[in-house]
Structure formats: structure tokens, C-alpha cells
1. How large is the helix-only mean residue ellipticity at 222 nm for the chain, computed as the sum of -39500 (n - 2.57) over DSSP H runs with n ≥ 4, divided by its residue count, in deg cm²/dmol to the nearest 500?
2. Sequence gap at least 6, Cα distance under 8 Å: using those rules, report the relative contact order of region 264-396 to the nearest whole percent.
3. Order 342-350, 73-81, 225-233 from most to least packed using the mean count of other Cβ atoms within 10 Å.
4. So, in nm, how far is label GLU7 from label VAL23 when the simple model puts each one 7 Å beyond its Cα toward the Cβ?
5. Work out the charge dipole of the chain with +1 on the Cβ of Lys and Arg and -1 on the Cβ of Asp and Glu about the Cα centre, then indicate which of LEU313, LEU207, HIS247 is farthest towards its positive end.
6. Placing +1 at every Lys and Arg Cβ and -1 at every Asp and Glu Cβ, with all other atoms neutral, what dipole size does the chain have around its Cα centre, in debye to the nearest 20?
7. Cut-off is 10 Å between beta-carbons; in what order do SER84, SER209, SER100, SER304 appear when sorted fewest neighbours first?
8. Averaged over all directions, how much area does the convex hull of the C-alpha atoms of region 135-254 cover when projected, in nm²?
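Bear in mind that the values in this text are calculations on the coordinates, not laboratory data. Only a predicted model underlies this, so the values are computations on that prediction, with no experimental measurement involved. We place every Cβ from the backbone using ideal geometry, glycine too, and count neighbours over all the protein chains shown.
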Amino acid sequence: MNTRHKEGPSPKTLAVWGGEEGVDKLGATQIPVVNSVSFDYPDLDTWLDVATGKTAGHIYGRNTNPTVEVFEDKVNLLEGGESSVSFSTGMAAITGTLFSLLEPGKRVVSIKDSYGGTNVLFTDYLPKYGVQVDLCDTDDHKGIEGQVAQGCDILYLETPTNPTVKIVDIKRLSAAAHQVGALVVVDNTFATPINQKPLPLGADIVLHSATKFLGGHADALGGVVSGSKHLLNEIFRFKEITGASLHPESAYLLIRGMKTLGLRIAQQNASAMQIAQYLESHDKIDEVFYPGLTSHRNHDIAVSQMQGFGGMLSFKLKGGYGAVKKFLPKLRYVNLAANLGSVETVAGPPATTSHVECSPEEREAMGIPEGLIRYSVGIEDVGDLICDLGNALEEL
Ligand SMILES: *Cc1c(COP(=O)(O)O)cnc(C)c1O
């Protein structure tokens, strides 16, 4: 018996069809790319009805666009939000969310391991506008709860984190935040809605760098935010006025990429687990960080809130940065690059990617050892990837 209909379609189905039903495709089976800056109306009354929101429609490309809207609706259905707003990049989505919901005198509590760009917003930009930011040790749940209990307006979380894939408990910390009336924002980029859905776990807002797993092909930048209609209206207005809008061509690439989200994530989850187990047993590896391993310090939280453990892992080579420098160029099936979440495997040390702005000492202090490699598992055959890793390790 199929009980799916009562619960609604599976995320895999929504990734294919979500946001597309009832859309005018001009007779095509695929979503048209509407490259138009503006939209024209036969008379002023119709135009005014659209401009005032009485009738659905589009006015100007910085605000809304039919192709972009399909992408937003697709993500919204997957995340279970009431409304979604897209941006030109993930950082624009994060900036738009924080700046539209904060004002001088407000306080943000977050974690030390958030994405590098987000961390710079917290340390260099928000304080400039009179917002107090306190960053806690990432998996110190008691410490985070203590900071939240002192009063805050936004609790900003990211899980799993970059690059040591730490896990924070969304349900537990959302409950703590709601006790003091704070909003909970979760960056779900690493997990995707296939592996984790922050909104049903208690978050108020979920956001993504769509550049990564959602798009999945490293050929389009984008960001997207989902949550309640009330909050998203504020965020939409900020986007509309500040103008970091998603391009229709990029929206199309993201829509096309998302069609295979379910397949890609299933493969990446399975391959990452196999690779993590392989590396954990290898004598040239000091430590492997992957939430699916029982050795991961927050494996139990990952089990309770994730449907899959994701395609991101990191591992520490014996021999430090010198070994990393020798090892990485020997890998055949990787891009040595700054992105992640694509169909190709991508690898790099935090020293050149997520934490390029920190000194080796600062990275050590943050728990990021110099021998660490971040490895984003692609959709290649896992046997080939393991063989590739094994050959490169052999040569060390
Ligand atoms: C890449 C990334 C971002 C920023 O996204 P861009 O699309 O590069 O602006 C934010 N959060 C996480 C977790 C990321 O990996």
C-alpha cells in the first residue's frame, strides 16, 4: 500500500515537479527562461491590480520573474515553508535575511563554525550597524543555551558545519530560542531538504547557498530563503530594494539541477559513508570527520535530525600541510577548488578555501588542523573514488 498520497509527495518527487504544476510553459514541457526586464499590460487598471498585488503577475525583473518564481516555489515546497525568496548568491540571501530582520540594539547569538563569509558579517559588518553578535563554541549546546537565555533576537545556526562537519541540535536550540522570543535561522546548504528539514524541527527560517548542492553542477550562483509569509515579506522587500536578484538564466540552471537532487543526494550520502569508513581505517589518516560515523561526537544528534548524513566530509592527513600539498595534486577525480556540492568531487584544504583569511595558529585554535582536507563527494563511482584516494595515499 502506498501511504505517500496522504502525507504529500516525497521530496524526490517535489524536486522534479515542485513549483511547476499550473505554470504557463507556453506548451513546452520545460520551464521557459523568461529573459525580460519588465512585463507589459494592455491597460492601466490591469497593471495597477498587479502592482498593488490584487492580481498575480510580474512588473519588473528586480522584484519577480516567472522563471525565478518556479525555483522559489520548488525550494519552498521541499523545505515546507509558506513562502520563499531567492537572491543572486547565498551570501546575498544571508545578508538580506539578517539586515531585514535586525536593527541597532538587537542581538544575534551564533556559532564559531559558520561559513567564512557569514562569520565576517558577524565580526565586521553587523557590529558596525549597532547589532551585538556573540559566537559560541559550535557543539557546546549548554553554552549556546546560556547565551540565548540572556536574551537575543536571532539565533543563527548552520549544521553540518564547514569544514569539520559539526552537528548542532536544531530542535533543542530552537526551543531555547523561542523561550526568549528569538527567531531561529538555519543555513541548510550542507544537508539540503533531502537530508534535513529545519522548519519542522523548529526553525523559523531556512536558507541555502543554492550554488552548492541544490544546483549541484557548479554552473550557477544563487541563494534562497524560506519560512513564514510574514517574515519572508520583510526579506522580499529588502531584496527588491537592495537588488541582489537571481538571474532567470541562473534560476533555470538551478531548476534543472534540482530535478536530480534526490538521486544525487542519495548517491552522495552512500558514497561519503563508504569513503569515510575507508579513510577511518587507513593508517596514513589521523582523523575523519563525518556525521554518519559512530565515532563522530554528535552522531546521535545527526541520527535524530537527518535523513541522510550528506556528501561532505573532512579528514586529517598525518604529516600536516606538507602532506596535504603532496597528496591533493595526486588525486585524479577531483577539482581542487573552492566550491562544494557538485556532481564532480571537490577537495581542498581550509587554508585555501573556507578559512583562507586566518593564520595557521588561528585555524588550530578554531579546531581546524593544518593537515585537514575538505572533501565534497561527487556522483562518480565510489570504487573509483576510493581507488583514487588509496593511490594518492600510497605515494605519501
Ligand atoms: C557557499 C556557502 C555560502 C555562501 O554562498 P554563495 O552562493 O557562495 O554566496 C553560505 N553558506 C554555506 C554553508 C556555504 O557553503
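1. Per the formula, -11000 deg cm²/dmol.
2. Values: 219 pairs, mean separation 37.2, N = 133.
Contact order relative to length: 28 percent.
3. Taking the mean over residues of other Cβ atoms within 10 Å, the ranking is 73-81, 342-350, 225-233.
4. 2.6 nm
5. It is LEU313, whose Cα lies furthest towards the positive end.
6. Numbers: 33 positive and 47 negative charges, 65 e Å.
Using Cβ point charges on Lys, Arg, Asp and Glu, the chain gives about 320 debye.
7. Ranked by crowding around the Cβ, least crowded first: SER304, SER100, SER84, SER209.
8. Averaged projected area of region 135-254's Cα convex hull equals 8.1 nm².
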